[in-house]
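Below is one structure, written out as structure tokens, with a few remarks after it.
The values are calculated or read from the model by the stated rules, or taken from the named source; none is laboratory data. Since this is a predicted model, take the numbers as computed values, not measurements. Cβ: placed from backbone, ideal geometry, glycine included. Neighbour counts: every protein chain shown. These area figures cover heavy atoms from the full protein model, side chains too; ligands, DNA and RNA do not enter into them. Shrake-Rupley method; radii C 1.70, N 1.55, O 1.52, S 1.80 Å.
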Number of protein chains: 2
Amino acid sequence: MHIPIQRGSGTAVVEQIRHSIADRIRSGLLTHGAALPSVRALAKTSGVSVMTVVQAYNQLEENGYIRRVHGKGTYVSTEQYSQEVRATPSSKEDWQLVLQDYLPRAQIWRHSHNFDPKEGELKLSMASIDRELYPLEEVSEEIYRITKSDPALISDYGPIQGDKQLRGHMADYLKSRLVSVSKEQLLITNGCQQGIDLVARTFLGPGDVVMMESPTYMAAIDVFRARGALVVPVPVDGEGMRMDVLTRLCDSYTPKLIYVNPTYQNPTGSVMSAPRRAQLLQLAQSFNALIVEDEAWSGIQFGSPPPAPIKSMDTDGHVIYMTSFSKILSPGCRIAVLAAVGTVLSRLISSKAIADLGSPLLTQQVILPFFKGNRIYKHMEKLNRELLKRRDLAIRLLREHAPAGVTWTEPMGGLNLWLTLPPQTDTDRLLHEAQRERISFLPSSAFYPGEPEYHHLRLCYSYLPPAELQMGIIQLCKLMDRHLDRQVDQTYVPVI
Amino acid sequence: MHIPIQRGSGTAVVEQIRHSIADRIRSGLLTHGAALPSVRALAKTSGVSVMTVVQAYNQLEENGYIRRVHGKGTYVSTEQYSQEVRATPSSKEDWQLVLQDYLPRAQIWRHSHNFDPKEGELKLSMASIDRELYPLEEVSEEIYRITKSDPALISDYGPIQGDKQLRGHMADYLKSRLVSVSKEQLLITNGCQQGIDLVARTFLGPGDVVMMESPTYMAAIDVFRARGALVVPVPVDGEGMRMDVLTRLCDSYTPKLIYVNPTYQNPTGSVMSAPRRAQLLQLAQSFNALIVEDEAWSGIQFGSPPPAPIKSMDTDGHVIYMTSFSKILSPGCRIAVLAAVGTVLSRLISSKAIADLGSPLLTQQVILPFFKGNRIYKHMEKLNRELLKRRDLAIRLLREHAPAGVTWTEPMGGLNLWLTLPPQTDTDRLLHEAQRERISFLPSSAFYPGEPEYHHLRLCYSYLPPAELQMGIIQLCKLMDRHLDRQVDQTYVPVI
């Protein structure tokens, strides 16, 4: 357990330790019964005083994260209902416990069972698209045609930057989204996730400041924290990241990178206004900072188009723009693209080489045919029509069945709604109950780069077919109802 | 340019700065004409004295890496033949130059043009297999059959750990290679490259000690250096990593990780003896260290099988074993597997989630049919028979055509020979000449974790069809001949 202490960061050292351990526990990296280092040992490895660690442990115990067993040690305690903390039985692999790692948070891993296909589970958690909405037969035929006519694509590595032809088509596609780039300015990645990761590993180190919306895409937080960066949360409202707050924060913290999800933000659905986009770019210019503009699913839109991407105004290479074809065409192929210029781009390509020598050629070729003619635009049109129906169905069902005190967003694009429950609710606990009934969603605790809020949840309407979506939402509403009833007069104890 | 200074590491600070900048220049991350920071600026950002930077710059200038232009600044100078150093013309993206990165070395990127298919070039550089030796038609049919019968694999994310069925088959395959693991102990990665990278990002941080063979797989050096680890080179001889030297080094440096390529080592072809394998494991146990056993191409073998993998003796989870199907089945799919146990495994899976949410399902399914029945074993048999013929052809040609003073290894497996030229030769310079005649190989400077040797080269016999292999080797021999002739009485100046 490596806890990077950042002095002079404006956050008390006690807080940093508490937050770091709580994040590991919330991510499931430290599980029930795991032994924590002794106060003395942690003080030594982190270079802080014993008193500081004692205070951090006290707070963690008060919050119900850990329990001290007199004369034995300190243990992670995440199950309020179990009678006692039992340490994991010893094994030959116990030496691994002393092996320090650089993995402070992994919310994406905690919720990764979502990626396992599980029959019968109603996955309101899954930010992916119902397979019925993909042109699967067509893709399958294309794959056959391609591999038949050019089997070399099975036997060859591709260029590290990505297949040239595909980059050419993507440059055209991006132009239709108002991003003017040449194929030389693009890098193919394994989903936007890898794009974010490449930026972080190339440009961020311990203490570098990253500004993020709060709440934001959970796995981006995981990435930046893993680099030891100082992550500064900036609140988001109906017009995106709050520029007034960001400007004020920049007086205390010099940003190296600003990560935004400006269009149909994950998870709030908010769209950053055009003036704020312009302000953000100006601010990045004045600080010599990078902007990561993550438009993973900006193509999923239901009304008038959103404001032009920040990248479209970028004249001197501050913006790294990302968009994904993993959501809209095929998660099984995991293809996304990143646009950047200058040495920022060449350094990212070097990092891609070091990370995995380039994305597989096969999956790049498989999605190629969709960029020929206007096929992708037709597909997107159909997709958006169908997803709007599902969004409307979800909203109608919530109106009919949600208990009083629950509100939700009505986003004009993207894959999910963001529900807000009464302030005392704990959606981690609610998820625990939901999973017993084979329903899943994502609790808000996963989405906060700083201190989490617990009373929201993300509900995706894109993955389940309509009948299951209906079933899932009605059941979830019943669950919320019971849960809210029960929690009246209860004291708040977080559940992991 | 972030230069992590490691005090008390046994390497002088001047050396660390010199080495870090030289590595960036050798990797092509800093190119001819690029401005280096002023002495004062570098001293400040690295936290060292001005005198230290002056000394480092003096040495770099003596070695021909940089040139100081009075009253202007210090510039990278890699072209001995150009008359003067000209700074790159200024552009709107110049602000990016001040953007510090964490990318100290990228030899894999410098040589990445190898991955671009280029007609007419004789690639003796390419550690990949001639497409004629792959069962391409079969793979193509399989792809069609699979996507037709289960189109869901195009539309779905897979489990982050990798497809369950594939992991099951791989566990069986690994048993045939004497590695007893269950499918729960495996993690699918995008080539071994990503496996190495996942280990590094999870367990290595600034100052952590990594022991590596010298020379070794170049892109593994890139990975460990990118984490700011202290990389300690250990010489390799005919029986693998020198255990006597390693043991002595461990008195000064406590290893956290030992990276080895024990079977048909890349690039020397050396096979680590059974006693040394056992010693290495004992040493790792005594230091609570991890071993990365990279057997990327151990399946390519020409005689009696090599000693059992270190992993086969590992009882308590010290060894992370890796092998690749990217080389033997399909580079276009980029599938490799990693075996580990305990929290080391679970932490690696978390890192995989953060890095890219899991490998594409499609490429995993495509190679599945090869694990049914004994198809993969038959394929390997045929592959080994053909590659042995090519190895023998390469050796015969060298015997006939190589100039006096050139020697080579005769490895019992793998994809390449390792040539040694007279000590004053510079194979970077030789490559420069070879590329003009459209021949490529890898110069030895890429393979050294510490101070490089310049008088070896790696020659792959696996990628070119026999006729081209013959042409390439004969031409290379002529080139070496001319080069050796010319260099008599020349003073040595490194070329980048």
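Structure values in brief
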item	result
Placed amide H near B:Gly413: partners under 5 Å, 5+ positions off or other chain	B:Phe302
Solvent exposure, largest accessible area first (probe 1.4 Å, DNA, RNA and ligands not counted), of A:Met313, A:Met322	A:Met313, A:Met322
Dipole of chain A, positive direction: furthest Cα of A:Leu99, A:Met471, A:Met51, with charges on the beta-carbon	A:Leu99
Charge dipole (the protein assembly as shown, unit charges on Cβ, about Cα centre) - positive-most of B:Leu362, A:Met480, B:His318	B:His318
Given charges at Cβ of Lys, Arg, Asp, Glu: chain A dipole, positive-most of A:Ser351, A:Gln194, A:Thr147	A:Ser351
Bridge type composition, chain B - antiparallel percent by DSSP, nearest 5	55
Unit charges on C-beta of K, R, D, E only; dipole of segment B:13-86, Debye	260
Label distances, nm, B:Asp481 versus same residue in remaining copies, Cβ-directed 7 Å point	9.1
Protein accessible surface hidden between B and A, which excludes ligands and nucleic acids, total in Å², probe 1.4 Å	8200
B:Met51 - accessible surface, heavy atoms, 1.4 Å probe, Å² rounded to 10	110
Hz values of 3J(HN,Hα) by residue in segment A:348-362 - Karplus curve (6.51, -1.76, 1.60), Gly and Pro given as x	5, 5, 4, 5, 4, 4, 5, 5, 7, 6, x, 6, x, 5, 4
Sequence-distant aspartates and glutamates (8 or more away, or on other chains) whose Cα lies within less than 12 Å of A:Lys183	A:Asp163, A:Asp172
Calculated label separations, A:Ala308, copies of the chain, 7 Å along the beta-carbon direction, nm	6.7
Chymotrypsin sites (Phe, Trp or Tyr not before Pro) lying in DSSP loop within segment B:1-83, provided at most 16 other Cβ fall within 10 Å	B:Tyr81
For chain B, size of Cβ-based charge dipole, Lys and Arg +1, Asp and Glu -1, in debye	460
Nearest-to-axis residue of chain A, judged by beta-carbon position, where the axis maps A onto B, in Å	A:Tyr144, 2
Dipole magnitude of the protein assembly as shown, debye to nearest 20 (Cβ charges: Lys/Arg +1, Asp/Glu -1, about Cα centre)	320
Pseudo-label separations to other copies for A:Ser91 - Cα-to-Cβ vector, 7 Å, nm	5.3
Per residue accessible area in Å² of chain A, where ligands, DNA and RNA are left out and the probe is 1.4 Å	36
DSSP loop trypsin sites (Lys or Arg not before Pro) with at most 12 other Cβ within 10 Å excluded, longest remaining stretch of chain B	B:119-371
Formal net charge of residues neighbouring A:Met480 (Cβ-Cβ distance under 13 Å; K, R +1; D, E -1)	-1
Cα centroid separation - segment A:362-386 against segment A:249-276, whole Å	29
Accessible carbon and sulfur surface of segment B:194-300 relative to its total accessible area, %, 1.4 Å	51
Filter on A:Lys352/B:Lys123; A:Lys175/A:Lys372; A:Lys352/B:Lys352 - keep pairs with C-alpha separation over 18 Å	A:Lys352/B:Lys123
Per-residue average of Cβ from other chains inside 10 Å of B:345-353	6
Accessible area of segment B:384-466 belonging to carbon and sulfur atoms, whole % at 1.4 Å probe	52
Rough spin-label spacing in nm, given labels placed 7 Å along Cα→Cβ, for A:Asn374 and A:Asp392	2.4
Centre separation in Å (Cα based) which lies between segment A:149-223 and segment A:333-360	6
Segment B:136-373, relative contact order [Cα under 8 Å, separation at least 6], %	27
Those GluC sites (Glu not before Pro) in segment B:339-437 that DSSP places in a loop and that have at most 15 other beta carbons within 10 Å	B:Glu437
Mean separation of Cα contacts under 8 Å, 6 or more apart, over the residue count of chain A: relative contact order %	18
Degrees, to the nearest 10: B:274-286 long Cα axis against longest axis of chain B	70
Computed over segment B:289-378: relative contact order in percent, which uses C-alpha pairs under 8 Å that are six or more apart	24
CD proxy at 222 nm, helix term only [per DSSP H run n ≥ 4: -39500 (n - 2.57); per residue of the protein assembly as shown; nearest 500]	-12500 deg cm²/dmol
Antiparallel %, DSSP beta bridges [both residues in the protein assembly as shown], to 5	55
